[in-house]
1. When a footprinting reagent is the concern and you count Cβ atoms within 10 Å, what order do R167, R62 take, fewest first?
2. Could you pull out the GluC sites (Glu not before Pro) across the stretch 86-188 that fall in loop regions by DSSP (anything but H, G, I, E, B) with no more than 12 other Cβ atoms inside 10 Å?
3. Would you calculate a helix-derived [θ] at 222 nm for the chain, using -39,500 (n - 2.57) for each DSSP H run of n ≥ 4 and dividing by the full residue count, to the nearest 500?
4. Based on other C-beta atoms within 10 Å, arrange E80, E69, E37 from fewest to most.
5. Once the dipole of the stretch 1-106 is set up with Lys and Arg at +1 and Asp and Glu at -1 on Cβ about the Cα centre, which of P100, T16, L87 lies farthest towards its positive end?
6. If the reach is capped at under 23 angstrom between alpha carbons, list the lysines near K224, excluding any in the same chain fewer than eight residues apart.
7. Using only Cα atoms, tell me the angle between helix 67-80 and the longest principal axis of the chain; keep it within 0 to 90° and round to the nearest 10.
8. Once you keep just the Cα pairs under 8 angstrom separated by 6 or more residues, what percentage relative contact order results for the chain?
Amino acid sequence: MNTKSYLSRIGYDGPTAPSAQTLSDLHRAHVLNVPFENLDIHLGRPILIDPAAFYDKIVTHRRGGFCYELNGLFSQLLRELGFQVTLLSARVYGGNGPGPEFDHLVLNVDLDEPWLADVGFGDSFREPLRLDCSGEQKQGGDSFQISRQGNNLTMSCRHPGTDWESRYLFSLQPRQLAEFSSTCNYQQTSPNSHFTHRRICTLATPNGRTTLGETQLIITEDGKRWETAVDDPEEYLQLLRRYFGIDLDGAVWRALP
């Protein structure tokens, strides 16, 4: 890994010595510059659990990715900088409760106290959360909370004017990157995976978020929301370049399940 190139990719030129402030600054820079996206799934390009492939895609080709790629590569960066990082398996909540083990990859970063880092969940916290804090942790207008239930912990979120929503369930059992391979393959191939049903590319902005869905561009800023219908393939590619810096010239989308 070329650490300097990675830091340039996320627009970060600050201190790199391990500290809570450095972790927070790196985390925020990552979510503001590297989109959460599943475009390769709809281009028929396999996503492999391979740090070299993550780096080539995200840093060299200035793409985004989903949790295994984003958090997998971010963990490598943190280790290169001297942080102590443990991979954790999380189970994302859906209509029937939490999903299967290895449904999501998150990071435990140990400093003077443990932190939960996650740059691969889309619309979520922009700075790490204290793992040992059971109270409300506010970031901007949003609130987050980590609650313990036996050996498991739940990360919950509340947007202004809404109720608490459980996002994912996880434990502190250390995991290896290879353990996520099977679920990563399922997420990109199964008709039961929501990732195979629609394209998404989303990126946090300083005051909101920009999201390009299957047929719609959504921009939020300072609590205001704009929606634009997108039904032309060339326009879709232009929007990827304009808002996310992603160049997919010549892309041919495969048929949706």
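1. Sorted ascending by nearby Cβ count, the order is R62, R167.
2. Values: sites: E101, E136, E165, E179; in loops: E101, E136.
Qualifying residues, ordered by number: E136.
3. Numbers: 7 runs with 65 residues, N = 257.
About -7000 deg cm²/dmol.
4. Final ranking by Cβ density, sparse to dense: E80, E37, E69.
5. T16
6. K224 reaches K138.
7. Once rounded, the angle reads 50 degrees.
8. 19
Where a number appears in this text, it was derived from the coordinates with a stated rule and is not lab data. From a predicted model like this one, the values you see are computed outputs, not experimental measurements. So basically every Cβ, Gly included, is an ideal-geometry build from the backbone, and we count neighbours across all protein chains shown.
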